[in-house]
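Student: Quick one: the structure is below, and I'll ask about it shortly.
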Amino acid sequence: MHVHRYERAWGYFSIGLVFVFFLAILTAALAGGIQVPSPVGQVNPADLSQTDFAKPGLRELSPGHYEAYLVAQAWTWNPSEIHIPAGSELTIYVTSGDVQHGFKVEGTNINAMVVPGQVTKVERTFETPGEYLIVCHEYCGSNHHLMSGKIVVEAAAAP
Ligand SMILES: [Cu+2]
């Protein structure tokens, strides 16, 4: 079979690109520490009262370190607002009490699935004061588009 030399060259180039992209993924995962958000625990979605999600909300672990337990439920986030001071490190545990939801925080790289029965964990340090919109990006029913919340990062008080 005759293959034109340009076609052969582009073929080799395309195969080479696959290896370049694969190396980029390996570099990001191993050297850059970029990981896909993965479930860190399991809960019974029908009875969150026996879990850490019984009282959703923000907890201060130490100065500048917070954790938040967040429950996604059609069509709200509980709590719908989280307030932290600028420069805080925030760990968010999120689960769903009903159907599958999506968890995206605008202006950040936080983007994860919220699956009933599973606990999703995301971490980030919020340096810049402002309001960060939380949206559900997985269709979860007729009022999906109304499902939003926010993380309010407050500027440190002047000394
Ligand atoms: Cu939704």
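Student: Which net charge results for the neighbourhood of P129, defined as the other residues with beta-carbon distances under 14 angstrom from its beta-carbon, given Lys and Arg at +1 and Asp and Glu at -1?
Tutor: -2
Student: GNM, the chain, Cα, under 10 Å: largest mean-square fluctuation among G107, G57, G117?
Tutor: Of G107, G57, G117, the most mobile in the Gaussian network model is G107.
Student: Hey, another quick one. For K150, enumerate residues with amide H under 5 Å from its amide H, sequence gap 5+ or separate chain, H modeled in the peptide plane.
Tutor: Under 5 Å from the amide H of K150: E81, I82, I134.
Student: From the backbone phi of segment 85-97, what are the Karplus-calculated ³J(HN,Hα) couplings (6.51 cos²θ - 1.76 cosθ + 1.60, θ = phi - 60°) in whole Hz, Gly and Pro given as x?
Tutor: Each residue of segment 85-97 in turn: x, 4, x, 7, 9, 10, 10, 10, 9, 9, 9, 10, x Hz.
Student: For segment 66-75, in order, what is each residue's ³J(HN,Hα) by Karplus, 6.51 cos²θ - 1.76 cosθ + 1.60 with θ = phi - 60°, in whole Hz (x at glycine and Pro)?
Tutor: Couplings: 10, 10, 10, 9, 10, 10, 8, 8, 4, 10 Hz.
Student: Any idea what the dipole of the chain comes to, in debye rounded to 20, about its Cα centre with Lys/Arg Cβ at +1 and Asp/Glu Cβ at -1?
Tutor: About 560 debye.
Student: Within a Cβ distance under 14 Å of V119, other residues only, what is the Lys/Arg minus Asp/Glu net charge?
Tutor: Net of charged neighbours comes to -2.
Student: For the chain, modelled as a Gaussian network with Cα springs under 10 Å, which listed residue fluctuates most, V43, V114, V20?
Tutor: Largest GNM mean-square fluctuation: V20.
Student: Here's something else I'd like to know. Give the Rg/Rh ratio for segment 10-78, taking Rg as the radius of gyration of the Cα atoms and Rh as the Kirkwood radius, to two decimals.
Tutor: Dividing the radius of gyration by the Kirkwood radius yields 1.26.
Student: Under a 10 Å cutoff between Cα atoms, tell me which one of N143, N111, N44 has the largest fluctuation in the Gaussian network model of the chain.
Tutor: Taking springs between Cα atoms under 10 Å, the residue moving most is N143.
Student: Relative contact order for the chain using alpha-carbon pairs under 8 Å, separation at least 6, rounded to a whole percent?
Tutor: It comes to 22 percent, rounded to a whole number.
Student: What does the net charge come to around G57 if you take all other residues with beta carbon closer than 12 Å to its beta carbon, with K and R at +1 and D and E at -1?
Tutor: Neighbourhood net charge equals -2.
Student: In sequence order, what are the phi-derived ³J(HN,Hα) couplings for segment 105-120 according to the Karplus relation 6.51 cos²θ - 1.76 cosθ + 1.60 with θ = phi - 60°, rounded to whole Hz, with x for glycine and proline?
Tutor: These are the phi-based 3J(HN,Hα) values: 10, 4, x, 10, 9, 6, 7, 8, 8, 10, 10, x, x, 10, 9, 9 Hz.
Student: Now for a separate question. Taking the 0 to 90 degree range and rounding to the nearest ten, how far is the long axis of helix 5-30 tilted relative to the main principal axis of the chain, both from C-alpha atoms?
Tutor: 30
Student: For the chain, what are the per-bin percents of Cα-Cα distances with bins 10 Å wide, up to the bin holding the maximum?
Tutor: 10, 31, 27, 15, 9, 6, 2, 0
Student: Counting each DSSP H run of 4 or more residues in the chain as -39500 (n - 2.57), what helix-only mean residue ellipticity at 222 nm follows after dividing by all residues, to the nearest 500 deg cm²/dmol?
Tutor: Rounded to the nearest 500, the figure is -6000 deg cm²/dmol.
Each value in this text was obtained by applying a stated rule to the coordinates, not by laboratory testing. Worth saying up front: this structure is predicted, and the values here are computed from it rather than measured. Backbone-built Cβ (ideal geometry, glycine too); neighbour counts: all protein chains shown.
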